[in-house]
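Read through the structure below, which is laid out as structure tokens, and then see the notes.
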Amino acid sequence: MRVERWEQAAPPNVPVGQRRVAVLDLASGQGPAAALHSALGEMPVATAARPGDADLLVVVAPVSEDIDPVAAAETLSRRIDDGLLNYPDAITADTREVWLVTVGAEQVNSEECVRPGSAALAAVHRSLGYEHPDQEFHHLDLPSAELNPAAAAAAVTAMLTAAEDIALRDNGSGPAVWRREMCDDTSDARTWTADSGIFDEVVITGGAGAVGLHFARQLAEQGARRIVLLSRSGLGDEQVSALSADGTEILAPRCDLTDPARSPRPSPNWGSRRRPW
């Protein structure tokens, strides 16, 4: 099985060429935008520019303090209604890269607590990238909204040199860049069986699609207790019956994320040990 692991990256190379960088502050001054803009002014290889003239957009996401997933979903939904996801409108023919900067969206080490709203927005950012094939969409995660000059400079340098999703964390000697790696899990600590309880609550987004249904069938055969399949269309009675043949409880509510009145409805019924797929 392949698992996610964060590894410290080698120090970035000195940026080459002159970049025109615009910082879009969606955090309304409550995030690291000011620190990043100041660091940008100290970079000899970068020039601050207006969004329409920039080849690199730095989008500073709102800082979410919600740890509860339901509260975070409600806050994110309100922000989307207020235009949070309109930042791709700033893309022009000159735009080459779009970086989303979040706080607490990634769990680089086991001691960190992920902020669900930030993590969800990072996932949406990746999806938006598929709608803009001419630009590269990347993600930088920070441990805090408060950046000292060294951390801000490291963040800007990373965005000027990296071409992947990264996180900035202090390694004890100063700010360092970490990148996500996929590797084989050789640990015996996790047992992926129904008896372990890890399949008690499973949530699959895009649950009515071929991939979602494939996972649902596999997990039902492995003894999953309850599977929630989220999709816009839902499932028919015959499909639900077929998936329930092994005794798994199947919930397939219609959940249109573009409809704020409907998207929160399934969440209060999920268990506290849900596993997203």
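The values are calculated or read from the model by the stated rules, or taken from the named source; none is laboratory data. All values derive from a computational prediction rather than experimental measurement. Counting neighbours? That spans all protein chains shown, and the Cβs are built from the backbone with ideal geometry, glycine included.
For the range 58-67, check the following and say yes or no: at least one residue is surrounded by fewer than 17 Cβ atoms within 10 Å (Cβ to Cβ), part of a loop (DSSP other than H, G, I, E, B) and on the phi > 0 side of the Ramachandran plot.
No: zero hits.
Which of the residues spanning the range 154-187 are in contact (Cβ under 8 Å) with a residue 60 or more places away in the chain and β-branched (Val, Ile, Thr)?
Result: Val156, Thr157, Thr161, Ile166, Val177.
Hey, does the range 171-186 have a residue that's modelled with pLDDT under 80 and on the phi > 0 side of the Ramachandran plot?
No, the range 171-186 contains no residue that is modelled with pLDDT under 80 and on the phi > 0 side of the Ramachandran plot.
Can you work out which of the residues in the range 1-20 that are modelled with pLDDT of 85 or more and farther than 18 Å from Arg180 by Cβ is surrounded by the most Cβ atoms within 10 Å (Cβ to Cβ)?
Filtering first and then ranking leaves Arg19.
Quick check on this structure: which one of Pro143, Pro133 is assigned by the TED database to the domain that holds Ser38, surrounded by fewer than 19 Cβ atoms within 10 Å (Cβ to Cβ) and touching a residue at least 24 places away in the same chain (Cβ under 8 Å)?
Checking each option against the conditions leaves just Pro143.
Here is a yes/no grid of residues against (1) more than 18 Å from Ala154 (Cβ to Cβ); (2) under 15 Å from the mean Cα position of the chain (by Cα); (3) in a loop (DSSP other than H, G, I, E, B):
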| residue | (1), (2), (3) |
| --- | --- |
| Leu36 | no, no, no |
| Ala39 | no, no, no |
| Pro44 | no, no, yes |
| Thr47 | yes, no, no |
| Leu85 | yes, yes, no |
| Thr92 | yes, no, yes |
| Leu100 | no, yes, no |
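Which is assigned to a helix (DSSP H, G or I) and within 20 Å of Ser144 (Cα to Cα), of Ala105, Ala119, Ala73?
Just a single option satisfies the conditions, and that option is Ala119.
Can you tell me which residues in the range 35-87 are within 18 Å of Ala119 (Cβ to Cβ) and of a type in the set (Asp, Glu)?
Hits for the range 35-87 are Glu65, Asp66, Asp68, Glu74.
Answer yes or no: is there a residue in the range 64-79 that is out of contact with any strand residue (DSSP E or B) (no Cβ under 9 Å at 6 or more places or on another chain), within 17 Å of Trp6 (Cβ to Cβ) and at pLDDT below 95.
No, the range 64-79 has no match at all.
Ala162 passes all but one of (1) under 28 Å from Trp99 (Cα atoms); (2) crowded, with 19+ Cβ neighbours inside 10 Å; which number fails?
Of everything listed in (1) under 28 Å from Trp99 (Cα atoms); (2) crowded, with 19+ Cβ neighbours inside 10 Å, Ala162 misses just condition (2).
Do the conditions hold for Val103, that is, is it under 30 Å from His37 (Cβ atoms), buried (at least 17 other Cβ atoms within 10 Å of the Cβ) and in contact (Cβ under 8 Å) with a residue 12 or more places away in the chain?
It is true that Val103 is under 30 Å from His37 (Cβ atoms), buried (at least 17 other Cβ atoms within 10 Å of the Cβ) and in contact (Cβ under 8 Å) with a residue 12 or more places away in the chain.
Report whether or not Arg179 is under 19 Å from Ala61 (Cβ atoms), out of contact with any helix residue (DSSP H, G or I) (no Cβ under 9 Å at 6 or more places or on another chain) and not in a loop (DSSP other than H, G, I, E, B).
When the stated conditions are applied, Arg179 does not pass them.
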